[in-house]
Amino acid sequence: MPACGVPYNESSICMRIALGQINTTVGDLPGNVERMATRSREAAARGAGAVVFPELSVTGYPPRDLLEKPSFIARSESAVRDLAEATADLPLTVICGYVGEADTPTGKRATNSAAVLAAGRCIFRQDKTLLPTYDVFDEARYFVPGARPQLCELGGVPVALTVCEDAWNDKQYWSRPLYDRDPVGELAAQGARVLVSLNASPYSMGKRALRREIFAANARRHGMHAIYVNQVGGQDQLVFDGSSFAMDPSGNVIASAASFAEDLVMVDLASGVGDRRESLPDECEAVYEALVLGTRDYIHKCGFNSVLIGLSGGIDSSLTAVVAVDAVGRENVTGIGMPGPFSSEGSVADARTLAERLGIRFEIVPITPIYERFLETLQPLFRDAPSDVTEENLQSRLRGAALMALSNKWGAMVLTTGNKSELAVGYCTLYGDMCGGLAVISDVPKTLVYELSRAANRRHAGAIPEAVFTKPPSAELRPDQKDTDSLPEYDLLDRILRAYVEENQPLARIAGSLDVPLSLVRDIAGKVDRNEYKRQQAAPGLKVTTKAFGIGRRFPIAQKYTE
């Protein structure tokens, strides 16, 4: 492919641009190319002079260690040629993201690149300069950074073509920029009049507003239009919300795409007129949609159609069940009630009522007989040791074994139901309630679980019984057990966890700001630190907050550092 800086001066190209917000699958290069070719034809039919697709739209994002396979890089290059050929007859320019082969004799093999395609060939290539290594990103592990960015021309208009992070380091926006370079500023100095940014930016609460602030600042600072195109869909633990947009040089949004859905949005930069599909201004509703989309794509992209959920009659499993119904359809969801020796009749009844209202299959698998037989078998080894958490965990593990047996027999994925608050402090059982293929709400604090459950009920006519909202949370693993026997009230716990896990605040500051004893904050922080070994054995969970366990938080298991 041509090196950066090869201009294209076809005067027939107008500045009527289509934002091709698509849901790609990592490694499905033919499928991704076909999806882009189809959208390109739609864009041409609607009069677009150019269509822009997200970062690494050819390969899907993030490809991770697939990038270490030379064949993967070669196939990415070949797929770009396939896309150029598939759109050669269209009167428009196609801009896509792909994995390029690095033109260096040493070091890494791959680049994170943008290609400009017209008339059946690649006419311009731009390599990503800034490679993020924070939070969920690990791009410096794989990619060679681009050299000095070059201007691209569309219809004689100089364009700053950037890939994601390259447009996020506005030195006047951030008080402490992550990088010395500002590729947008460099391109603006070369005379760019339009910023076109290809992105694969995962969703988290507040992220959509932050993006608009950053790009509005870029547009105003440099006096240029801004085109932001983002990936949509779930990929493992990440959910991409799309929410693509176009801005005028004053930073006003003149076109916008839907959140959490594929979309093709048209904008005419000359007139400042474009499609406007604002969606989900309420962040709680956005989180709910993120969970649905992430669950649907994880299940389907992993080759499953149906799911199993252990329905306890509690708020967490109830929310997970409603999300699952919206993700894959009620006919593909089965709830399993597994009453044990300490399960209340009300909890079983609430689980059954939920299943009936959702219209999902519901089965009962009592664990008490198995539990009693297990205790009988282990008694010679337990001897006279008093009952403790061992017997509690045994109940949870029997439920996990039952769910996994049904998963094997029916070919259905088990969805775990633990929330972020529990996972943070280790209030969960390895090989028990942590068994499963996807932890749907593992990044959702308990207090947000209740808000999301209200949102779920608005969509499903009160499917979750009111008793589920009002009864004290309990694992029901011993008589009259309540979560508050072991933990503070969730409203306080979640505030402590947010300050410690997401904001990395010192313990004394947390205690002072929340007006709670330092000993309590130390106890919670200690629980978080001690239970890293559990979290690293948990099912992958969907990221919706600024700092998620798993892919977004990488702490050692064996370590002695304490606050």
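The values are calculated or read from the model by the stated rules, or taken from the named source; none is laboratory data. Note that the structure is predicted; figures quoted are calculated from it, not measured. Positions of Cβ are backbone-derived with ideal geometry, glycine not excepted, and every protein chain shown enters the neighbour counts.
Exactly one residue among TYR427, TYR431, TYR450 is more than 20 Å from ASN531 (Cβ to Cβ) and either more than 20 Å from the chain's Cα centre (by Cα) or part of a loop (DSSP other than H, G, I, E, B) (or both), and that residue is TYR450. Among the residues here, ALA385 does not qualify as at pLDDT 95 or above and among the small types (Gly, Ala, Ser).
The residues of the stretch 93-143 that are in contact with a Leu (Cβ under 8 Å, 6 or more places away or on another chain), hydroxyl-bearing (Ser, Thr, Tyr) and surrounded by fewer than 24 Cβ atoms within 10 Å (Cβ to Cβ), listed by number, are TYR134, TYR142.
Are any of the residues in the stretch 34-56 assigned to a loop (DSSP other than H, G, I, E, B), aliphatic (A, V, I, L, M) and over 21 Å from TYR203 (Cα atoms)? Steps first, please.
Going residue by residue through the stretch 34-56, those that are assigned to a loop (DSSP other than H, G, I, E, B) are 46-49, 53-56.
Then drop every residue that is not aliphatic (A, V, I, L, M), which leaves 48, 56.
Imposing the further condition that a residue be over 21 Å from TYR203 (Cα atoms) reduces the set to 48.
Within the stretch 34-56 (the criterion being assigned to a loop (DSSP other than H, G, I, E, B), aliphatic (A, V, I, L, M) and over 21 Å from TYR203 (Cα atoms)), the answer is yes, since at least one residue qualifies.
Condition check: touching a helix residue (DSSP H, G or I) at 6+ places or on another chain (Cβ under 9 Å), farther than 22 Å from GLN231 by Cα and surrounded by fewer than 24 Cβ atoms within 10 Å (Cβ to Cβ). Does TYR173 satisfy that? In short, yes.
Can you tell which of ALA261, ALA219, ALA226 is out of contact with any Lys or Arg (no Cβ under 6 Å at 6 or more places or on another chain), crowded, with 18+ Cβ neighbours inside 10 Å and not in a strand (DSSP E or B)?
The conditions single out ALA219.
Table: residues versus (1) farther than 27 Å from ALA160 by Cα; (2) in contact with a helix residue (DSSP H, G or I) (Cβ under 9 Å, 6 or more places away or on another chain); (3) hydrophobic (A, V, I, L, M, F, W, C).
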| position | (1), (2), (3) |
| --- | --- |
| VAL229 | no, no, yes |
| GLY234 | yes, yes, no |
| SER243 | no, yes, no |
| ALA258 | no, no, yes |
| ASP263 | no, no, no |
| SER271 | no, no, no |
| SER306 | yes, yes, no |
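Suppose the filter is surrounded by 15 or more Cβ atoms within 10 Å (Cβ to Cβ) and part of a loop (DSSP other than H, G, I, E, B); does GLY335 pass it? Answer is no for this residue. Within the stretch 144-163, the residues that satisfy the criterion of being surrounded by 24 or more Cβ atoms within 10 Å (Cβ to Cβ) and part of a strand (DSSP E or B) are CYS152, LEU154, VAL159, ALA160, LEU161, THR162, VAL163.
Residue selection: ARG383 fails the criterion of being closer than 25 Å to SER344 by Cα and among the basic types (Lys, Arg). Please find, within the stretch 460-491, the residue that is farthest from the chain's Cα centre (by Cα) out of those that are among the hydroxyl-bearing types (Ser, Thr, Tyr) and part of a loop (DSSP other than H, G, I, E, B). Checked the stretch 460-491; the qualifying residue farthest from the chain's Cα centre (by Cα) is SER486.
Set side by side, the residues ARG211, ARG181 differ, and just one is surrounded by fewer than 18 Cβ atoms within 10 Å (Cβ to Cβ) and not hydrophobic (A, V, I, L, M, F, W, C), which is ARG181.
Being under 27 Å from VAL468 (Cα atoms) and either outside the structural domain of ASN332 (by TED's automatic domain parsing) or among the acidic types (Asp, Glu) (or both) is the filter; apply it to the stretch 347-387 and report the residue that is surrounded by the fewest Cβ atoms within 10 Å (Cβ to Cβ). This residue is GLU356.
Sub-6 Å Cβ pairs linking a first residue in the stretch 508-525 that is farther than 15 Å from ARG498 by Cα to a second residue that is of a type in the set (A, V, I, L, M, F, W, C) and surrounded by 12 or more Cβ atoms within 10 Å (Cβ to Cβ), at least 6 apart or interchain, are LEU518/ALA511, ordered by first then second residue.
Kindly provide the set of residues from the stretch 264-280 that are free of Cβ contacts under 8 Å to residues at least 60 places away in the same chain and either surrounded by fewer than 13 Cβ atoms within 10 Å (Cβ to Cβ) or under 10 Å from ASP248 (Cα atoms) (or both), ordered by number.
Passing the criteria: SER271, GLY272, VAL273, GLU278.
Here the stretch 127-155 is the region considered, the condition is being touching a strand residue (DSSP E or B) at 6+ places or on another chain (Cβ under 9 Å) and hydroxyl-bearing (Ser, Thr, Tyr), and the residue that is nearest to LEU117 (Cα to Cα) is THR129.
Taken together, ARG212, ARG208 contain a single residue that is assigned to a helix (DSSP H, G or I) and closer than 25 Å to LYS301 by Cβ, which is ARG208.
Farther than 30 Å from GLY234 by Cα, touching a residue at least 12 places away in the same chain (Cβ under 8 Å) and either in contact with a helix residue (DSSP H, G or I) (Cβ under 9 Å, 6 or more places away or on another chain) or surrounded by 13 or more Cβ atoms within 10 Å (Cβ to Cβ) (or both) - does that describe any residue in the stretch 538-554? Taking every residue of the stretch 538-554 in turn, none turns out to be farther than 30 Å from GLY234 by Cα, touching a residue at least 12 places away in the same chain (Cβ under 8 Å) and either in contact with a helix residue (DSSP H, G or I) (Cβ under 9 Å, 6 or more places away or on another chain) or surrounded by 13 or more Cβ atoms within 10 Å (Cβ to Cβ) (or both).
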